[in-house]
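Heads up, the thing below is written out as structure tokens.
Rule-based calculations on the coordinates, nothing more; no lab input. Since the model is a prediction, treat every value here as computed from it, not as a measurement. Cβ coordinates were reconstructed from backbone atoms using ideal geometry, including for glycine residues, and neighbour counts include every protein chain displayed.
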């Protein structure tokens, strides 16, 4: 069950190439993000995301793929969600 809308979804070229090379569909990470599986975050960051669902702040998830972290970020107004590499943040 989804917890919030993600709006328009976009991804950087670097993230798309990296995920493709590793056999991961960006949509699968966006789905995890939208369902409240925030990936490899601290408890404090997870709590901040849960609070953001209620108060309308930005929501950030981070997923480790090997040694690389991939972020999924939904804007506070829920108009857009971006998939990008940590190095692109």
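Counting other beta carbons within 10 Å of each residue's own, what order do 30, 59 fall into, fewest first?
Working: 30 19, 59 25.
Least to most surrounded, the residues fall as 30, 59.
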| For 37, 77, what ranking results if the residue with the fewest other Cβ atoms within 10 Å of its Cβ goes first? | 77, 37
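Write down the Kirkwood hydrodynamic radius of the range 8-88, to one decimal in angstroms, obtained as one divided by the mean of 1/r over all alpha carbon pairs. Present the calculation step by step, with values, prior to reporting the outcome.
Details: mean 1/r = 0.0792 Å⁻¹.
Kirkwood radius, the range 8-88: 12.6 Å.
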| Likely footprinting exposure, 2, 9, 81, fewest C-beta neighbours within 10 Å first | 2, 9, 81
| field | Relative contact order, percent, the chain [alpha-carbon distance under 8 Å, six or more residues apart] | value | 36 percent
